[in-house]
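Colleague: I have a structure here, written as structure tokens, and I will follow up with some questions on it.
The values are calculated or read from the model by the stated rules, or taken from the named source; none is laboratory data. It should be emphasised that the depicted structure is a prediction, and the values quoted were computed from it without experimental measurement. Glycine gets a Cβ as well: all are built from the backbone with ideal geometry, and neighbour counts include every protein chain shown.
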Number of protein chains: 2
Amino acid sequence: MSMAKTLHKIKCKVSYDGGAYGGFQLQENVVTIQQMLEEALLSIVKEPTRIYGSGRTDAGVHAKEQVFHFHTTIQIPEDRWPLAFNKKLPEDIVVLEAAYVPDHFHARFDVVEKTYRYCLWNHRLPNIFKRRYSWHVPYSLDIGAMRQAASFLIGEHDFTSFCSSKAVVEDKVRHVYEISIEEEESGEIWLTFRGKGFLYNMVRIMVGTLVQVGSGKYSCEAVKDILDAKDRHQAGVTAPAQGLFLWNVKY
Amino acid sequence: MSMAKTLHKIKCKVSYDGGAYGGFQLQENVVTIQQMLEEALLSIVKEPTRIYGSGRTDAGVHAKEQVFHFHTTIQIPEDRWPLAFNKKLPEDIVVLEAAYVPDHFHARFDVVEKTYRYCLWNHRLPNIFKRRYSWHVPYSLDIGAMRQAASFLIGEHDFTSFCSSKAVVEDKVRHVYEISIEEEESGEIWLTFRGKGFLYNMVRIMVGTLVQVGSGKYSCEAVKDILDAKDRHQAGVTAPAQGLFLWNVKY
């Protein structure tokens, strides 16, 4: 007769600098965040343990707060989990907090809302201290026009035009709750995107297109036509990964 | 009969991320900022040209604005110099501006005032996006006590206790015009030091000592005794290089 061990479910928040990684999700031939977290976890709980993220982030994209969960029979106090992880993790990945959660919780399926933020460095000269965490746009931008164009992207739309043509999902309808654009005195411009979920490269293509509205390549109204076209080739460039942060995941 | 070529003197502002370098000044067996600037300059003007900085910065220390000058017979418009340099420089060094200056100007001897700033990340958890540009101090700090202690360092003093014992200069009297300590909502604490000049490691030892006042290791008044002792061993730790920025040089 064997005693069944109790299985605990743990939800963690993690912050990472994506610069050195091939994205969140496990992949062949490239080091990923998930791999680093699973390796750290293996050395804590001494058995291979799968972790489940709230979703992927692309190669080079950062997370201020990503969420993942895992199961384990090991029970240690909630506030010890981050310390245990961080002792095993490199300095560009930090587990911020951990909590025991009911077994029905799922880091991916239970997401209610995600916030992404994108940082532009809008100055004639590069800012070397921001180079890993922003997109340097050296020409002046019409922020008013960008805000106007962004307003056409808010709401429920078919975002086929704003989705990588490599994406495999069928349903390209997504609901964007909010897009805000804030200029800071320092020269940074922060674009914030809030929605239930986003397609592959969607935030980066929205940013690239909005920047091209700001520089005068597209009119504000062109964004409506781009949406209607349902064709990736109609939209603007994909903004580089290093300016993008998964900022927050709500449950 | 040869025509003497006119020699022009050029003053440049440069920003650098010191993380990958052995400091500003040329050294054997380690890559320095000066070396990178002189190599870039060689490929522009096609002859070896010495540059003169406003002073050294230690290995790992950054500069928001360092100043240097050089002589050349090449004359190109002022606003083309930064572009010419930046084409040859790596992405962690950027020449911000250049100006032709009278021949009596000297980047080191004509300094009127220097400002250094130091960034603390004061939070229980590390901030991975600041890790290259701040010192993570995970315990709480008594900012009031730090400000009080800092007030004893302002003015003209013999800073022997706040100078690396490796320093070779005789005269350790320096005049600190201002020290300010600002807490930001984000969790950053910025210490600003303004003075005509600083000794080797002086800002970093002042920061280390002030942090140890903030944590309760030293009383505010202890700083007066430390100054009086004229002994490096009496002062606190040397704060790590990566939090320090040469912020500005005035002429």
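Colleague: Could you tell me how many of the residues in segment A:82-91 are polar (S, T, N, Q) and either part of a loop (DSSP other than H, G, I, E, B) or outside the structural domain of A:TYR21 (by TED's automatic domain parsing) (or both)?
Modeller: Narrowing segment A:82-91 to residues polar (S, T, N, Q): A:86.
Still in the running and either part of a loop (DSSP other than H, G, I, E, B) or outside the structural domain of A:TYR21 (by TED's automatic domain parsing) (or both): none.
Going through segment A:82-91 one residue at a time, the tally reaches 0.
Colleague: Still on this model: Mind listing just one residue for me: the one in segment A:65-90 that is farther than 18 Å from A:GLU38 by Cβ and either of a type in the set (Asp, Glu) or crowded, with 19+ Cβ neighbours inside 10 Å (or both) and, of those, farthest from the other protein chains (Cβ to nearest Cβ)?
Modeller: Going through the qualifying residues, I end up with A:GLU78.
Colleague: Let me ask something else. Name the residues in segment B:44-56 that are outside any loop (DSSP other than H, G, I, E, B) and either within 21 Å of the chain's Cα centre (by Cα) or within 14 Å of chain A (Cβ to nearest Cβ) (or both), would you?
Modeller: Of everything in segment B:44-56, those that are outside any loop (DSSP other than H, G, I, E, B) and either within 21 Å of the chain's Cα centre (by Cα) or within 14 Å of chain A (Cβ to nearest Cβ) (or both) turn out to be B:TYR52, B:GLY53.
Colleague: Moving on to the next point. Determine if segment B:162-170 includes at least one residue that is away from chain A (no Cβ under 14 Å), in contact with an Asp or Glu (Cβ under 6 Å, 6 or more places away or on another chain), of a type outside the set (Val, Ile, Thr) and farther than 25 Å from B:TYR251 by Cα.
Modeller: No.
Colleague: Right, something else. For the condition over 14 Å from the mean Cα position of the chain (by Cα), among the β-branched types (Val, Ile, Thr) and either in the same structural domain as B:ILE128 (by TED's automatic domain parsing) or surrounded by fewer than 18 Cβ atoms within 10 Å (Cβ to Cβ) (or both), what is the one hit in B:VAL223, B:VAL203, B:VAL207?
Modeller: After ruling out the rest, the residue left standing is B:VAL223.
Colleague: Oh, and also: Considering only segment B:32-43, I want to know if a residue exists there that is touching a residue at least 12 places away in the same chain (Cβ under 8 Å), on the phi < 0 side of the Ramachandran plot, assigned to a helix (DSSP H, G or I) and among the hydroxyl-bearing types (Ser, Thr, Tyr).
Modeller: The answer is yes, given that some residue of segment B:32-43 is touching a residue at least 12 places away in the same chain (Cβ under 8 Å), on the phi < 0 side of the Ramachandran plot, assigned to a helix (DSSP H, G or I) and among the hydroxyl-bearing types (Ser, Thr, Tyr).
Colleague: Evaluate segment B:5-15: report whether one residue or more is more than 14 Å from chain A (Cβ to nearest Cβ), within 18 Å of B:TRP247 (Cα to Cα) and surrounded by 13 or more Cβ atoms within 10 Å (Cβ to Cβ).
Modeller: Yes, segment B:5-15 contains a residue that is more than 14 Å from chain A (Cβ to nearest Cβ), within 18 Å of B:TRP247 (Cα to Cα) and surrounded by 13 or more Cβ atoms within 10 Å (Cβ to Cβ).
Colleague: Mind counting the residues in segment A:167-194 that are among the aromatic types (Phe, Trp, Tyr) and over 19 Å from A:TYR133 (Cβ atoms)?
Modeller: Residues in segment A:167-194 being among the aromatic types (Phe, Trp, Tyr) and over 19 Å from A:TYR133 (Cβ atoms): 1 in total.
Colleague: Would you pick out the residues in segment A:173-210 that are closer than 15 Å to A:GLN148 by Cα, outside any strand (DSSP E or B) and touching a Phe, Trp or Tyr at 6+ places or on another chain (Cβ under 8 Å)?
Modeller: Correct list: A:MET206, A:VAL207, A:THR209.
Colleague: Another question, if that's okay. When you scan segment A:160-175, do you find a residue that is surrounded by fewer than 19 Cβ atoms within 10 Å (Cβ to Cβ), of a type in the set (Gly, Ala, Ser) and on the phi > 0 side of the Ramachandran plot, even just one?
Modeller: no
Colleague: Taking interchain pairs and intrachain pairs at least six residues apart, which have beta carbon atoms under 7 angstrom, with the first residue in segment B:212-237 and farther than 22 Å from B:ASP171 by Cβ and the second assigned to a loop (DSSP other than H, G, I, E, B) and small (Gly, Ala, Ser)?
Modeller: B:GLN212/B:GLY236; B:TYR218/B:GLY236
Colleague: Please go through segment A:92-151 and give me each residue that is surrounded by 15 or more Cβ atoms within 10 Å (Cβ to Cβ), more than 14 Å from chain B (Cβ to nearest Cβ) and either at pLDDT below 95 or in a loop (DSSP other than H, G, I, E, B) (or both), ordered by number.
Modeller: A:PHE105, A:HIS106, A:ALA107, A:ARG108, A:ASP110, A:VAL111, A:ASN122, A:VAL137, A:LEU141
Colleague: Inspect segment B:20-28 for any residue being touching a Pro at 6+ places or on another chain (Cβ under 9 Å), in contact (Cβ under 8 Å) with a residue 40 or more places away in the chain and more than 14 Å from chain A (Cβ to nearest Cβ) and give the result as yes or no.
Modeller: Looking through segment B:20-28, none of the residues is touching a Pro at 6+ places or on another chain (Cβ under 9 Å), in contact (Cβ under 8 Å) with a residue 40 or more places away in the chain and more than 14 Å from chain A (Cβ to nearest Cβ).
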